[in-house]
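Structure, as structure tokens:
Quick note: the coordinates plus some simple rules give every number you see, no bench work behind them. Remember, it's a predicted structure, so these values are computed and weren't measured experimentally. Counting neighbours? That spans all protein chains shown, and the Cβs are built from the backbone with ideal geometry, glycine included.
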């Protein structure tokens, strides 16, 4: 089946391709978030550039951007940016967790973990950031990739106050590390990639590799710091 994306999609087909309503697509077009369609008589046709920009809009929405903020972001994307260039922006915005959070009832959470969960267990999972409460006390937002780790922490018998204290430390220092590494990426890594002359697709793959490598480097640094702290503790005791 041919790929009908070479400026041959009707507005209805474009809406279906990006998972939006026709009304929403037309609203965004009216706000200038996508370029005008190719015209043939009274008919307008859309293609890869429109798809890429609407997918970027959706990614920005998922990150909580307001409409005015989205408009400001897209104003900085050159008019002649290719769909591959725009995909780079989506790669930079993509969440670092391998799975998006899911919404589970308490019964579904019990089934997923394979164990009974007392109120205290739920509190610990919330403190660890694995589970997030919602206005409905029996419904939770769950990070699937981290749920197994949360259950293993429960198996250690960790006290609630220790879980809260640990999560506070991780959050405080994690935010500082994220801000500093973001500065490094923005001021050093990203300009280097852009000036390298590589294709947008090659740069996108490099960025995707950069994320897990950064996480692994952080884990290695933490492990080294823990070992050094243990050695220093032993030296003080001697």
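Things worth noting here:
- Put simply, the Cα atoms of segment 136-210 extend 52, 27, 23 Å along their principal axes, the longest span coming first.
- Springs between Cα atoms under 10 Å define the GNM used for the chain, and in it the highest mean-square fluctuation of 135, 101, 37 occurs at 135.
- For the residues 17, 115, 106, a GNM of the chain with alpha-carbon springs under 10 Å puts the largest fluctuation on 115.
- Ranked for footprinting exposure by Cβ neighbours inside 10 Å, fewest first, 153, 220 give 220, 153.
- Across every direction, the projection of the convex hull enclosing the Cα atoms of segment 11-80 has a mean area of 4.7 nm².
- Structure-based [θ]222 nm, the chain - -39500 (n - 2.57) summed over DSSP H runs of at least 4, per residue, nearest 500: -20000 deg cm²/dmol
- Stokes-Einstein D for the chain, Kirkwood Rh over Cα pairs, 20 °C, 1.002 mPa s (µm²/s): 99 µm²/s
- Residue order, fewest to most surrounding Cβ atoms within 10 angstrom, among 85, 79, 138: 79, 138, 85
- Summary of packing: across the peptides 62-71, 169-178, the per-residue average of other C-beta atoms within 10 Å ranks them, highest first, as 62-71, 169-178.
- On the basis of the beta-carbon distance and an R0 of 35 Å, residue 176 and residue 233 show a calculated FRET efficiency of 0.90.
- Fluctuation leader among 225, 16, 217 - the chain, Gaussian network, Cα springs under 10 angstrom: 225
- FRET efficiency for the pair residue 40 and residue 75, taken as 1/(1 + (r/R0)^6) with r the Cβ-Cβ distance and R0 = 35 Å, rounds to 0.75.
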